[in-house]
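A short worksheet on the structure shown next.
The values are calculated or read from the model by the stated rules, or taken from the named source; none is laboratory data. Remember, it's a predicted structure, so these values are computed and weren't measured experimentally. Because the Cβ atoms are built from the backbone with ideal geometry, glycine has one as well, and the counts that use them run over all protein chains shown. Note: accessible area is taken over every heavy atom of the protein model, side chains too, but ligands, DNA and RNA are not part of it. Shrake-Rupley method; radii C 1.70, N 1.55, O 1.52, S 1.80 Å.
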Amino acid sequence: MKAARLGVIGLAVGMIGGLAVLTGGCANEQEKRGHELYTHYCSDCHGESGKQNEGFNWSSMPDPKPKDLSNKSEMGTFKDEELFATISRDMLDTTEEGGDPIGDDDFAVPTMPTFKYTLSEDEVWAIVGHVRTLHGMKMEFNVAARKTSLEEGLKVSQTKFEQAKQAYEAAEKKASDEAERKSEQLKKDVDVDESAYAAEQAAMVQAKKEMDVAQIALNNFSTRPGKGVSVPRPDLAVKPAETAKLVDRGKQLYENKYGCNGCHNLAGEGGKIGPALDRAGFRLNATWIYRWLKNPQAMDTHTRMPALGLNDADAKAVTLYVSTLRAPKEEPAVVKPVEKP
């Protein structure tokens with residue numbers, strides 16, 4: 001497995017929203033929410049105070065273990081933005097051969113999950129704020145200014161789209177009028193020259209894309225990205241000749257990209273937050289596994305498991321691998337009665 005380049009800043013699960021510079025009741029409310037979500041999502045691995053070997057899952061996790069969040073001399077070297085990027089990121093395949101390219105500044109620890117696809121941006125910032133308190137610091141990033149920037153960015157993109165739309169409509173009308181004029185002159189139908197307004201049309205399409213991106217960014221600031229998003233029934237059909245290869249790929253992703261072994265146990269190895277998966281192939285339906293991997297919160301709003309951003313191909317491969325986990329059922333030990341002399 002490729003080594004992590006940033007070290008395990010890890011926040012094993014969780015986050016919530018708010019302002020960087022807060023006063024009075026708002027600050028108290030924000031701190032309360034951040035603490036509650038840290039306790040719910042993070043403390044199983046990081047412990048209530050962020051110290052190593054404090055969380056009940058810490059000792060069961062594969063190396064590298066979660067970092068000591070109470071260590072100010074180390075944690076103080078990271079910017080607020082770096083902590084945010086650790087929590088909200090795309091997972092990287094750390095497999096030595098055939099994995100993702102990993103740069104010196106990339107955080108690549110599979111057992112530290114991402115919450116980019118689970119929690120809103122202000123939720124992530126709130127957890128950053130709480131983590132800062134674990135090593136006696138305060139978050140400096142101005143979340144209120146960030147929200148204002150997103151709102152202004154949307155307004156700018158909306159104005160740009162309206163202008164582009166008007167320009168397109170004017171160019172299209174001019175081309176249509178010209179075609180009509182020529183039709184009258186030539187006494188026959190003349191097609192509209194679409195190339196006459198192609199540039200305006202392309203500009204409008206681009207402006208629409210930019211507006212949509214700005215709208216999504218603002219929505220995701222306050223709303224969880226997977227909220228209300230259902231996962232359609234997948235096509236899990238696989239040609240027999242490809243099954244073994246996909247199962248191997250699923251195992252690779254399970255361990256080296258999505259770090260499932262950080263929370264789930266197999267054959268006595270791995271974490272213990274989630275259920276052991278030794279007999280998952282017997283217990284779980286493949287379609288259910290796929291949907292759960294794609295969006296756990298859509299199936300259980302209170303689950304600690306985050307959506308890890310699996311694309312369809314990865315979700316299918318991991319589903320096939322998990323479906324092969326069919327360990328024999330352990331029989332209870334038989335205790336022979338002690339014979340009386």
With the charge dipole of segment 144-222 built from beta-carbon charges (+1 for Lys and Arg, -1 for Asp and Glu) about the Cα centre, the Cα from Leu218, Ser195, Ala145 projecting farthest to the positive end belongs to Ala145
Skip the ligands, DNA and RNA, and give the accessible area per residue of the chain with a 1.4 Å probe, whole Å².
56
Whole-Hz couplings from phi, Karplus 6.51/-1.76/1.60, listed for segment 101-118; x for Gly and Pro:
x, 10, x, 4, 9, 7, 8, 10, 10, x, 6, 9, x, 9, 10, 4, 9, 10
Taking the simple approach of a point 7 Å from Cα along Cα-to-Cβ for both Glu269 and Val190, what is their distance in nm?
7.6
Rounded percent of accessible protein surface that carbon and sulfur make up, the chain, 1.4 Å probe
52
Run down the lysines and flag those whose C-alpha is under 18 Å from the C-alpha of Lys72, throwing out any fewer than 8 positions away in its chain.
Lys51, Lys138
Quick calc, the chain, dipole around Cα centre from Cβ unit charges on Lys, Arg (+) and Asp, Glu (-), nearest 20 debye, gives 1080
What net charge is computed for the residues neighbouring Thr223, neighbours being all others with C-beta under 12 Å from the C-beta of Thr223, Lys and Arg scored +1, Asp and Glu -1?
-1
For the chain, what does -39500 (n - 2.57) per DSSP helix run (n ≥ 4), summed and divided by total residues, give at 222 nm, in deg cm²/dmol to the nearest 500?
-15000 deg cm²/dmol
Against the 2.2 N^0.38 Å rule of thumb, the C-alpha Rg of segment 114-241 sits at a ratio of 1.77
Cα-projected label distance for Lys227 with Glu178, points at 7 Å along beta-carbon direction, nm:
4.9
Once ligands and nucleic acids are excluded and a 1.4 Å probe is used, how much of Thr111 is accessible, expressed in Å² to the nearest 10?
20
Rounded to the nearest 10 Å², the 1.4 Å probe accessible area of His264 is 30
Under 5 Å, built H, 5+ apart or other chain: amide partners of Asn265:
Ala276, Leu277
Along segment 38-43, Karplus-curve 3J(HN,Hα) (6.51, -1.76, 1.60; θ = phi - 60°) to the nearest Hz, with x for Gly and Pro, reads 4, 4, 5, 9, 9, 5
In a shell of Cβ-Cβ distance under 13 Å around Glu152, excluding Glu152 itself, what net charge do Lys and Arg (+1) and Asp and Glu (-1) give?
+3
Of [x] 1.13; [y] 1.02; [z] 0.97, which is the value of Rg/Rh (Cα atoms, Kirkwood Rh) derived from the coordinates here?
[x]
Non-local residues with an amide H under 5 Å from the amide H of Met139, with H modelled 1.01 Å from N and Pro and chain starts lacking one, are none
May I ask for the distance between the Cα centers of segment 282-296 and segment 166-201, given as a whole number of Å?
54
